[in-house]
């Protein structure tokens, strides 16, 4: 489904991670956003976009000791940039509720304002709407990351 959303041929981003793997790892990285060890060993650490931030070309998980401590910072940076693109909602990243979705992800995972119930209250969203928007937000964020990965591949 992501290939349809992004309008590209299948297989381009799958060189490093499949779409399903990327979605699962995006969720994991957001849950552990402030845990350096989890981010360092995440599958996202193999993304070309992360490697580009580290100034390396190895996308198979190999990191030098010097760059290993920079991996969590690079993963966070890539996630933040993708969230900014989701919030801006322009061009190919124009999603219907992009700004609200980015805010939802920031409150729930990055700022950690509390439980999902607390985020729901803060945003004034009913439970079903909140979880529907959360699922869509994670899909849209993953679509953006897949597009960024494709851009890195073409460079």
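Only the coordinates and a few stated rules stand behind these numbers; no lab work does. This is a predicted model, so every value here is computed, not measured. Cβ coordinates were reconstructed from backbone atoms using ideal geometry, including for glycine residues, and neighbour counts include every protein chain displayed.
Tabulated data for the structure shown
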quantity: Projected label distance in nm at residue 35 and residue 111, using a 7 Å step from Cα toward the beta-carbon; calculated: 2.3 nm
quantity: Quotient of C-alpha Rg and 2.2 N^0.38 Å, computed over segment 95-134; calculated: 1.03
quantity: Extension reserve of the residue 27-residue 136 stretch, reckoned as 0.36 nm per residue once the Cα distance is removed; calculated: 38.0 nm
quantity: Calculated FRET efficiency for the pair residue 153/residue 123, C-beta based, R₀ 41 Å, to 0.05; calculated: 0.70
quantity: Extension gain, residue 97 back to residue 73 (0.36 nm per residue minus Cα-Cα distance, nm); calculated: 5.9 nm
quantity: Exposure proxy order (Cβ contacts within 10 Å, fewest to most) of 153, 101; calculated: 153, 101
